[in-house]
Amino acid sequence: MKTRTRFPKPGQRILRSAIAVALCFLVYILRGRRGIPFYSALAVLQCIQPYYESTAKTAKKRVTGTFIGAFWGLLVILVQVYLLQGKLHDTLAGYLLISAVTGVVLYSTVVLKCTDAAYFSCVVFLSIVVMHIADENPILFVFNRVMDTLIGVGLAFLVNSAHLPRTKNNDILFVSGIDDTLLDSKYQLSAYSRIELNQMIEQGAHFTVSTIRTPASLMEVMQGVKLKYPIIAMDGAVLYDMKENSYLMKYQMSESQAERMADFLTQQSAHFFINTVVDDTVVIYYDILDNEAQQKIFASKRRSPYRNYVHTQSPAYDNVIYFFLIDQKEKIDRLYDELLKQPWTFEYRIVKADSVNYPGYAHLKIYHKDATREHMLENLKAILNLEKTVTFGSIQECYDVFIEDSDRNLMVREMKKRYKPVCLKHV
């Protein structure tokens, strides 16, 4: 069956860029067709950025580069056109002069400590002395070149700052799942979702994530998102501060609980990983890797700077967050049934699921009984002093907002509706 090609919806940057370019041409007409709108359009396209900080930074480079390049371009015009009467125009000596002054332009950016504007400075300088020095009035071109850039930068700020009137619900804690909710079917975060999330976070949105993943795994897939608040990780077993790289809270087993579980699993000839957190460091103990899934997981994760694997037959049983087992589905099913028969099982939370990455395999995760996302969310609400929450997830009736298709950026779109709804009352 042929799959339909799904074209992405044009984003805000595309729409704003098109509007800003149109405004450049409108201003050109209103100015009596003076200047060259091409340069205004270039400035607009370079300055319209997803974030205000990046817009301001690009605008500063563009304006600084324009003034430096225009200054040296004007100086070369005065020398060539008015002092030497144009004798060096289109000659080897003239081109050598331009080349030498190009070096001066670059050196100027070093002296003025604005080397990030070096490229723009050279572009402006060369456009003046190579393309327009033979104009009837090259000095007028220099003036218009500066004006065109300033117009483009100004329009970029104007268009970028234009928004529909919205209210901001800064009294709500927004909590999203990761897989099948925020990440797409390829386990990637789209550029749209990353930009929109960062913009809402910058505007004051209380946003975090709740996931079965470890903090290490989360860091890998959420790169570029400026999370300010602690995350709920390891399926509710830990509360982790991304900024401080610190575990704020943990639901961990007692030493006796961890040792009893390890003894039981060993008696059942099961091999496992023991995930612990020691002084904000993840330490994972293991003994024998007796199947392909275990070996591949170990090979793919062991080089991570956020995980520390220790091969030992005598692991430490303090600070244990959870046991992880992966094996053939039949073996895991039998082990799970045996676990449920034990009189002390109520002290643990046991999660069994078929493996997505390893067909024919299933895995078990064994936590302290209180290690749930719901419990940890209550702790986080108390820390942040927030009562209202909106949760997003891919399991129907388990979350406030059901996300059916993560490939369409639905989670971020739904959050945007709830965080900053359009409000026309005061327009």
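The values are calculated or read from the model by the stated rules, or taken from the named source; none is laboratory data. These figures come from a predicted structure and were not determined experimentally. Cβ sites come from the backbone with ideal geometry, for glycine too, and all protein chains shown count toward neighbours.
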Practice task
Sort through ASP179, ASP171 and tell me the only one that's under 30 Å from ASP400 (Cα atoms), touching a helix residue (DSSP H, G or I) at 6+ places or on another chain (Cβ under 9 Å), surrounded by fewer than 20 Cβ atoms within 10 Å (Cβ to Cβ) and of a type outside the set (Phe, Trp, Tyr).
Solution key: ASP179
Practice task
Inspect the stretch 86-101 for any residue being within 45 Å of the chain's Cα centre (by Cα) and more than 28 Å from ILE151 (Cβ to Cβ) and give the result as yes or no.
Solution key: yes
Fill in the blank from the handout: Reported set for the stretch 240-299 where residues are outside any loop (DSSP other than H, G, I, E, B), closer than 27 Å to LYS341 by Cβ and among the charged types (D, E, K, R) is GLU255, GLU259, ARG260, ASP263
Exercise for the section: Tell me which residues, restricted to the stretch 368-427, are among the aliphatic types (A, V, I, L, M), in contact with a Leu (Cβ under 7 Å, 6 or more places away or on another chain) and under 30 Å from TYR317 (Cα atoms). Expected result: MET376, LEU380
Handout entry: the stretch 11-37: number of residues that are within 23 Å of SER127 (Cβ to Cβ) and either in contact (Cβ under 8 Å) with a residue 12 or more places away in the chain or crowded, with 16+ Cβ neighbours inside 10 Å (or both)
Key = 12
Exercise for the section: Please indicate, with yes or no, whether at least one residue in the stretch 146-161 is buried (at least 18 other Cβ atoms within 10 Å of the Cβ) and within 24 Å of ILE403 (Cβ to Cβ). Expected result: no
Practice task
Name every residue in the stretch 312-345 that is of a type in the set (Val, Ile, Thr) and part of a helix (DSSP H, G or I), in order of residue number.
Solution key: ILE332, THR345
Fill in the blank from the handout: For the stretch 239-256, pairs from a residue that is in contact (Cβ under 8 Å) with a residue 40 or more places away in the chain to a residue that is part of a loop (DSSP other than H, G, I, E, B), with Cβ under 6 Å and 6 or more apart or across chains, are LEU239/PRO230; LEU248/PRO230; TYR251/ALA237; TYR251/ASP370; TYR251/ALA371; GLN252/ASN319; GLU255/TYR317; GLU255/ASP318
Exercise for the section: Please determine, by comparing only the residues of the stretch 95-141 that are crowded, with 18+ Cβ neighbours inside 10 Å and in contact with a His (Cβ under 8 Å, 6 or more places away or on another chain), which one is modelled with the highest pLDDT. Expected result: PHE141
